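Trainee: Just passing along the structure, written as structure tokens.
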Amino acid sequence: MDAVNIVDVVGEFVNLRKAGVNYKGLCPFHDDKTPSFMVSPARQICKCFACGEGGNAVNFLMKHEQITYPEALRWLAKKYNIEIQERELNEEEKREQSERESMFIVNEWARDYFHAILQNDVDGQAIGKQYFRSRGIRDDIIEKFQLGFALTKRDALVNEARRKGFKDEFLVKTGLCIQNEHGVYDRFAGRAIFPWLNVSGKVVAFGGRKLDAATKGVQQKYVNSPDSEIYHKERELYGIYQAKKAIVKEDCVYMVEGYTDVIAMHQCGLENVVANSGTALSTYQIKLLHRFTQNIVLLYDGDEAGIHAAMRGTDMLLAEGMNIKVLLLPDGDDPDSFARKHTAQQFKEYIEEHQTDFIQFKTELMLKGVKDPIKKAEAINNIIRTIAVIPDPMVRTAYIKDCSQRLDVKETTLVNQVNKYIAEEREEEHKDHQSVDNEIAMASLVPQDKEVERLLVQNIIRHGDEVIYSGLETEDGETVNLNVAQYIDYDLSSDGLAFSEDLYNQILKEAVEHSADEGFKAERYFMQHPNPEISQLAAKLGIAKHQLSRSFDKKMSESDLQQHINHLILDFRMDIVSQQLDDLKRQMKEAGSDMVRIKELMTAFQEAQNLRNALARQLGSDVIV
């Protein structure tokens with residue numbers, strides 16, 4: 001943890017920009033339209049002030065990459081070149097490994113297997129490598145994308161996997177193999193292999209291209225891994241791992257259709273490129289890209305298929321706040337062939353000169369050659385509906401002005417139509433979410449009676465090591481100091497009280513146990529706690545928005561802190577007594593005509609009332625403004 005720089009870690013996945021002494025970016029854990037995810041290098045924590053997610057570098061990795069605590073530590077150890085000692089897992093522990101982890105292990109082995117076949121096997125070199133070389137792909141690019149080749153024999157991979165000790169179950173679940181009544185056989189036999197890596201570099205799937213004449217018949221040219229526990233095609237983008245740093249650097253991403261388009265552009269020096277492999281963009285993919293940039297260029301060939309591809313998913317891109325430009329390459333060229341004919345500089349210059357704003361592109365496309373008034377009106381309505389999905393009102397206004405001039409339509413007419421579409425969309429959303437809203441409204445009526453507990457734990461995390469009473473004399477004549485954690489523990493335990501949450505009690509217990517440790521700082525200790533639940537809670541409770549910077553974290557005086565803690569403890573006790581009174585009322589109703597029981601309950605009720613009144617008097621004379 002001492003070696004970790006949280007800005008570097010979060011920056012692998014989120015486009016961060018300097019904001020005073022901190023950094024901020026779009027939160028990767030919710031639909032964030034404006035940057036609300038803050039990273040503090042001073043405190044080595046991150047926190048979203050919209051959804052509340054946050055924690056240290058380990059918490060971030062666990063949440064973002066859906067990995068375990070040990071896996072997050074291994075990730076950090078690898079990044080910072082820290083050697084970690086691990087023992088060999090026994091057979092029982094191997095069996096207990098999660099299915100997800102097993103699938104990643106199988107995929108990683110398969111990637112290395114396919115790559116080794118391409119490099120070392122006679123058929124791999126003669127068929128697979130020859131194919132890649134025929135496409136002009138250099139050896140360094142083959143290594144960068146870990147390209148491979150699958151032998152034509154249908155059981156080559158499955159036999160080798162069994163020999164290495166991998167189970168058929170995971171070969172089938174990852175999609176590497178297919179199982180039917182005849183047995184288990186290789187899905188990608190005889191194909192050039194393109195591994196899919198997710199944003200953190202884990203192998204989640206494969207694409208395979210058929211290399212012989214069968215591609216001209218009914219045989220599929222490309223076969224991809226099916227959806228699985230670790231791979232959902234709508235959530236992944238080919239090339240994102242290799243492109244993410246360049247996307248941030250250039251503040252722009254090029255979207256192309258296929259594997260070879262991505263690879264060819266990397267080879268000519270343009271690395272900020274990804275592919276969605278011929279499917280319409282999904283909101284998951286758009287949100288993934290939006291973490292790194294809000295500028296996207298749709299880069300397709302200029303034929304009818306390319307135009308159709310450019311039109312797919314664009315409304316979703318605009319709705320997510322992306323700035324879209326379109327570039328259609330000259331007829332007969334796709335990004336792969338064009339990149340092989342030009343240098344990176346020539347390609348960049350062509351993009352700069354020929355890319356078109358998407359609304360302009362759509363306007364020219366839909367109105368080209370249209371003379372029929374009805375069809376023209378339909379086309380204009382289609383364009384205006386697209387403008388209506390743009391969330392930023394200033395951008396919408398700019399597009400409306402531009403379209404008014406281009407279409408020769410009054411600006412007020414376009415504004416009215418845009419507003420109509422926005423109103424319709426909101427009405428639709430209202431209907432869809434009405435039941436959810438009702439549930440939320442009902443939930444808001446439930447009293448939140450654990451707020452004082454939360455505030456006490458917040459103070460244990462923020463100030464647990466700070467002295468609240470100094471120079472106290474014990475019965476033995478010794479002088480002692482009590483910090484916040486020790487005093488809260490002493491006060492509650494004297495009456496056998498405890499928090500209702502086990503996690504809260506554990507935090508208090510550990511704060512007291514470590515109070516005598518040299519250099520103990522409660523905030524740092526809990527922020528870096530090995531239990532992710534505690535470290536995440538510490539991030540949520542320990543830091544307020546204005547406190548991310550140390551310079552704004554004003555230290556309370558001993559007397560102020562003492563007064564503050566005493567007030568919270570009295571509130572805590574008042575809550576307990578109030579709950580006790582409610583419980584006694586309920587028991588008296590249930591007692592019916594049992595007068596003996598009622599008398600006992602009334603005595604207890606009177607005692608509780610007296611205690612509540614005493615607490616109220618103390619609170620009344622001890623109120624903090």
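Trainee: Here is a check on your reading of the model: is residue 143 assigned to a loop (DSSP other than H, G, I, E, B) and without any contact (Cβ under 8 Å) to a residue 60 or more places away in the chain?
Mentor: no
Trainee: Determine if the range 544-552 includes at least one residue that is modelled with pLDDT of 80 or more, under 30 Å from residue 48 (Cα atoms), under 38 Å from the mean Cα position of the chain (by Cα) and open to solvent by less than 50 Å² (accessible area, probe 1.4 Å).
Mentor: No, the range 544-552 contains no residue that is modelled with pLDDT of 80 or more, under 30 Å from residue 48 (Cα atoms), under 38 Å from the mean Cα position of the chain (by Cα) and open to solvent by less than 50 Å² (accessible area, probe 1.4 Å).
Trainee: OK, next. Any residue at all in the range 526-536 that's surrounded by 14 or more Cβ atoms within 10 Å (Cβ to Cβ), β-branched (Val, Ile, Thr), closer than 17 Å to residue 47 by Cα and touching a strand residue (DSSP E or B) at 6+ places or on another chain (Cβ under 9 Å)?
Mentor: No.
Trainee: A further question on this structure: For the range 269-342, please list each of the helices (runs of 4 or more DSSP H) lying entirely inside it that holds at least 3 residues being more than 28 Å from the chain's Cα centre (by Cα) and either among the aromatic types (Phe, Trp, Tyr) or at pLDDT 85 or above (or both).
Mentor: It comes to 335-341.
Trainee: Now for a different question. Out of the range 325-375, which residues are of a type in the set (Lys, Arg), within 30 Å of residue 409 (Cβ to Cβ) and either in contact with a Pro (Cβ under 6 Å, 6 or more places away or on another chain) or surrounded by 15 or more Cβ atoms within 10 Å (Cβ to Cβ) (or both)?
Mentor: 325, 362
Trainee: Which one of these does residue 167 not meet: (1) open to solvent by 20 Å² or more (accessible area, probe 1.4 Å); (2) in contact with a His (Cβ under 9 Å, 6 or more places away or on another chain); (3) not acidic (Asp, Glu)?
Mentor: (2)
Trainee: With the condition kept exactly as written, say whether any residue in the range 212-228 is open to solvent by less than 50 Å² (accessible area, probe 1.4 Å), over 18 Å from residue 146 (Cα atoms) and in a strand (DSSP E or B).
Mentor: Within the range 212-228, none of the residues are open to solvent by less than 50 Å² (accessible area, probe 1.4 Å), over 18 Å from residue 146 (Cα atoms) and in a strand (DSSP E or B).
Trainee: Testing residue 112 on (1) within 25 Å of residue 205 (Cα to Cα); (2) open to solvent by less than 60 Å² (accessible area, probe 1.4 Å); (3) modelled with pLDDT of 90 or more, one condition comes back false. Which one is that?
Mentor: Here residue 112 meets the rest and fails (2).
Trainee: Filter the range 473-497 for residues that are within 20 Å of residue 577 (Cβ to Cβ) and surrounded by 15 or more Cβ atoms within 10 Å (Cβ to Cβ); which is modelled with the highest pLDDT?
Mentor: Top of the filtered list is 488.
Trainee: Still on this structure: Being in a loop (DSSP other than H, G, I, E, B) and either of a type in the set (D, E, K, R) or surrounded by 24 or more Cβ atoms within 10 Å (Cβ to Cβ) (or both) is the filter here; which residues of the range 252-268 pass it?
Mentor: 257
Trainee: Of the residues that make up the range 574-597, is at least one at pLDDT below 80, out of contact with any Phe, Trp or Tyr (no Cβ under 7 Å at 6 or more places or on another chain), surrounded by 12 or more Cβ atoms within 10 Å (Cβ to Cβ) and among the hydrophobic types (A, V, I, L, M, F, W, C)?
Mentor: Checked against the condition, which is being at pLDDT below 80, out of contact with any Phe, Trp or Tyr (no Cβ under 7 Å at 6 or more places or on another chain), surrounded by 12 or more Cβ atoms within 10 Å (Cβ to Cβ) and among the hydrophobic types (A, V, I, L, M, F, W, C), the range 574-597 yields no hits at all.
Trainee: Sticking with this one: For residue 415, state whether it is at pLDDT 80 or above, touching an Asp or Glu at 6+ places or on another chain (Cβ under 6 Å) and not hydroxyl-bearing (Ser, Thr, Tyr).
Mentor: In short, no.
The values are calculated or read from the model by the stated rules, or taken from the named source; none is laboratory data. A quick note: this is a predicted structure, and the numbers were derived from the prediction, not measured. Please note: Cβ atoms are built from the backbone with ideal geometry, for glycine as well, and neighbour counts cover all protein chains shown. Surface areas here come from the heavy atoms of the whole protein model, side chains and all, with no ligands, DNA or RNA. Shrake-Rupley method; radii C 1.70, N 1.55, O 1.52, S 1.80 Å.
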